[in-house]
Amino acid sequence: QVQLVESGGGFVQAGGSLRLSCTASRTPFTMGWHRQAPGKQRELVAIITSGKSIDYANSVKGRFTVSRDNAKNTVYLQMNSLKPEDTAVYYCYAVESGRNYWGQGTQVTVSS
């Protein structure tokens with residue numbers, strides 16, 4: 001079992017920045033973030049493996065940066081140049097031994 005505890009999120013104006021953090025109870029092989037906007041399916045935002053291989057959704061490339069500190073079992077999502085369409089609940093995500101784990105979600109709201 002992997003427990004995930006998120007922090008960060010909130011309300012910001014378009015063009016602003018926010019930083020999300022997620023700490024795991026263990027060191028999963030893959031950690032990252034998904035998001036779900038009202039009326040839409042949950043989608044991948046960014047993932048990073050323990051070896052620091054990274055992948056981003058096309059919609060956030062160049063604006064968001066994912067990183068992790070393996071010593072702290074923590075993954076970060078730095079979100080810059082935020083847009084109203086980034087408004088969603090952001091979920092921390094981890095994969096360990098073939099199982100998926102999710103955080104409780106944190107709301108990010110970007111006003112125009």
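The table that follows gives values for the structure above.
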{"quantity": "For P28: the one exception among (1) in a strand (DSSP E or B); (2) in contact (Cβ under 8 Å) with a residue 60 or more places away in the chain", "calculated": "(1)"}
{"quantity": "Selected residue (criterion: nearest to G39 (Cα to Cα)) from residues of the range 69-94 that are in a strand (DSSP E or B) and open to solvent by 30 Å² or more (accessible area, probe 1.4 Å)", "calculated": "V89"}
{"quantity": "Residues of the range 16-38 classified as closer than 11 Å to L77 by Cα, surrounded by 17 or more Cβ atoms within 10 Å (Cβ to Cβ) and not hydrophobic (A, V, I, L, M, F, W, C), total", "calculated": "3"}
{"quantity": "Given (1) of a type outside the set (D, E); (2) over 12 Å from the mean Cα position of the chain (by Cα); (3) open to solvent by 40 Å² or more (accessible area, probe 1.4 Å); (4) under 22 Å from S81 (Cα atoms), index of the condition Q41 fails", "calculated": "(4)"}
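The values are calculated or read from the model by the stated rules, or taken from the named source; none is laboratory data. From a predicted model like this one, the values you see are computed outputs, not experimental measurements. All Cβ positions, glycine included, derive from the backbone under ideal geometry; neighbour counts span all protein chains shown. Side chains included, ligands, DNA and RNA excluded: accessible areas come from the protein's heavy atoms. Shrake-Rupley method; radii C 1.70, N 1.55, O 1.52, S 1.80 Å.
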